[in-house]
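Every number in this text was worked out from the coordinates using simple rules, so none of it is lab data. As the structure is a computational prediction, the values presented were derived from the model and not from experiment. Here the Cβ is made from the backbone with ideal geometry for all residues, glycine too, and neighbour counts use every protein chain on show.
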Amino acid sequence: MFKFVRVIAGADNQSERHLEGIKQLFTKVFPFNLPYLEKLEAYASGQHPAGAESILMAATGPRGNVIGFTVTFYFADLKVAYLDYLASDPSRAARGIGGALYETMRDDIQKRGARRLFLDSLPDEPGDNVEPSLLPANRKRMAFYERLGARPIIGTRYEWTVTPANLGDPNLLLCDNMGDGRPLPRRKLGEVFKRIMLAKVGLEADNPLVRELVDSIGDDPVRLRPPRYPFPKLRELPALSSPIDLVETGAADDIPHSPFKGYYERPARVVAITRALEDMHLRRHAVEEFGMAPIRRIHEKRMVDFLEESAQQLQPGQIIYPEIFPVRYADRLPKNWAMRAGYFCIDTSTPITSTAFAAARRSANAALTGAKLLAKGKSRMCYVAGRPPGHHAERRVFGGFCYFNNAALAADHLARSGRVVVLDIDHHHGNGTQDIFWERSDVLTVSLHCNPLHSYPFFAGFADETGSGEGKGFNLNIPLEPGADDHTYLRALDKALAAIRKFAPQAIVVSLGVDIMRGDPTGSFLITPEGMRRIGAAIGGLALPSLIIQEGGYHLQNIRRGVRSFLTGYAVALLGTAEKPDVP
């Protein structure tokens, strides 16, 4: 897990460390502009550029080290912002940190009132003063921004004008409308030009260079360049013999969260899943209502009551994060309701809000709907797509953005008809599922995950945890070291599948985490889309009625490709493909 911090000199005992980390990373990534280091010092100290508020944000790793940063100017009167710098640690390339930084910065300025975001990027096509050797890197960078929502403004001289602001390298000016569908007036862009030049290099509006830039705007409203960097084409799907059953919760865009508390489980994940499912052979099912009885069977009453009470105890938009935890006197429930957050939640990143209970119930009901389809023989393969996830929610406590354990609810429902296995392939150990079935022999829990010495939840998921009492020997953990690739993972999966076959279950519940893929900002494995297909095919080869429940995965492109690849491999192995008619 990594977090974001606003860097303000003297704000806390870590601010100087964070500023120094930003300066070191800036020196590594932008060695050609070392005088800017003085500006970083000034911005952190509250010395804002003319006509703007400077916002210095850092992404920090588990040890508080800076792994990325952004420098943004906010022009409050114009309700627009300008991204001056964005950088992530080159040694952590392909980890999704740059995208997470951009999204978090955009979310922050949007909450301040910004309606549009502007930024510079080097041209991605040949032209005057464009270094040909840089074009491949420029195109890659432009594709990155375009897929996040920013595209170049066309019809001006901005990109061909050398100014002190761009250090002699003309830049395209990109605009991210941030969901605002209204056209951008020529007059408004002219004001933006003026303010960027004033904030970056102190050029006033009457400067001839600034006037030239403003006069060069030829369109009203302003035009953005058509997209030219589509997402990589998704793998063509085989024709399945029968559809995959699908239960969706929707985006659940109703759990407010501060990224400054930790990189977060967000609605965009569900949008990415929806895109992954486009053109797949699906049979959709509405979420059914199951009441509270199934939830209370696997979760302790006091925890459930606390979450249920949050709907009345908290105001809309109010967020509580746990701060005090009962290391001692753990049997004493605080009378102060807000202080109970640390009694029932295992971390400081999971938000408790007035809407979390409803969202968690919706996710729980979706999992139970899928379980019901399997139990009644109406489905051989059902995928539950939604949020919030569930596998970190234990019997008595919740955390990891999980409130109720969706996979455990489904497994408990299916266990009425026979033995069930829960196979967790999220990057992070399913401590909640393990805890709930710790003393049960009718449900085998198997988890492949990153060694908890390196990864959340840190205190559970070791190989010597095998269950107790009646459940002794019915919990199997297979921790893997960071850097596990397709070959390593599939070899470990063979061990898990052998244990499952020996257990001989009547159904399987899969906790699917695509955070095992290369590039996930919260993970450390190197699984490829083809690896996801092979993992799905291997599990589908068990030929068991299968309920697949979405858990983690925080790199949006990985979600699209990973979910699709996994479901395809799984469905081909379990359901088979339709025979193609002979063509004369």
- prompt: Roughly how tilted is helix 529-540, in degrees to the nearest 10 and between 0 and 90, from the longest Cα axis of the chain?
  reply: 10 degrees
query: Which of the following values of Cα extents along the principal axes in Å was calculated from the structure shown: (1) 240, 52, 48; (2) 81, 78, 39; (3) 76, 47, 47?
result: (2)
- prompt: Out of Pro208, Phe73, Leu34, whose Cα points farthest toward the positive end of the dipole of the range 3-224 (charges: +1 Lys, Arg; -1 Asp, Glu; placed on Cβ)?
  reply: Phe73
field: Eligible lysines near Lys376 by straight Cα distance, threshold 26 Å, same-chain separation 8 or greater
entry: Lys502
task: Check cross-link reach from Lys140 to the lysines: straight Cα distance under 20 Å, and skip same-chain residues fewer than eight apart.
output: Lys28, Lys233
message: Going by Cα centres, the range 264-329 and the range 519-584 are how many Å apart?
response: 25 Å
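Please report the antiparallel percentage of DSSP beta bridges with both residues in the chain, rounded to the nearest 5. Don't skip to the end; give the middle numbers.
Working: 33 of 72 bridges.
So the antiparallel bridges amount to about 45 percent of the total.
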task: For an R0 of 56 angstrom, estimate the FRET efficiency from the Cβ-Cβ distance between Glu530 and Gln14 and round to the nearest 0.05.
output: 0.85
- request: For the range 352-383 and the range 414-478, compute the distance between their C-alpha centroids and round to whole Å.
  value: 20 Å
message: Taking 25 Å as R0, compute the FRET efficiency from the Cβ-Cβ separation of Ser133 and Tyr229 and round it to 0.05.
response: 0.80
Crossing angle, helix 186-201 versus the chain [Cα axis fit, 0-90 degrees, rounded to tens]: 80 degrees
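Using 0.36 nm per residue, how much length does the chain from Asp180 to Glu236 gain when fully extended, once their Cα-Cα distance is taken away? Please report the intermediate quantities before stating the final value.
Details: separation 56, 0.36 × 56 = 20.16 nm, distance 3.31 nm.
Result for the pair: 16.9 nm of gain on full extension.
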message: As a footprinting exposure proxy, order Lys472, Lys261 by other Cβ within 10 Å, with the fewest listed first.
response: Lys472, Lys261
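Ranking Ser54, Ser241, Ser88 by Cβ neighbours within 10 Å, fewest first, what do you get? Numbers along the way, then the final one.
Details: Ser54 19, Ser241 14, Ser88 24.
Least to most surrounded, the residues fall as Ser241, Ser54, Ser88.
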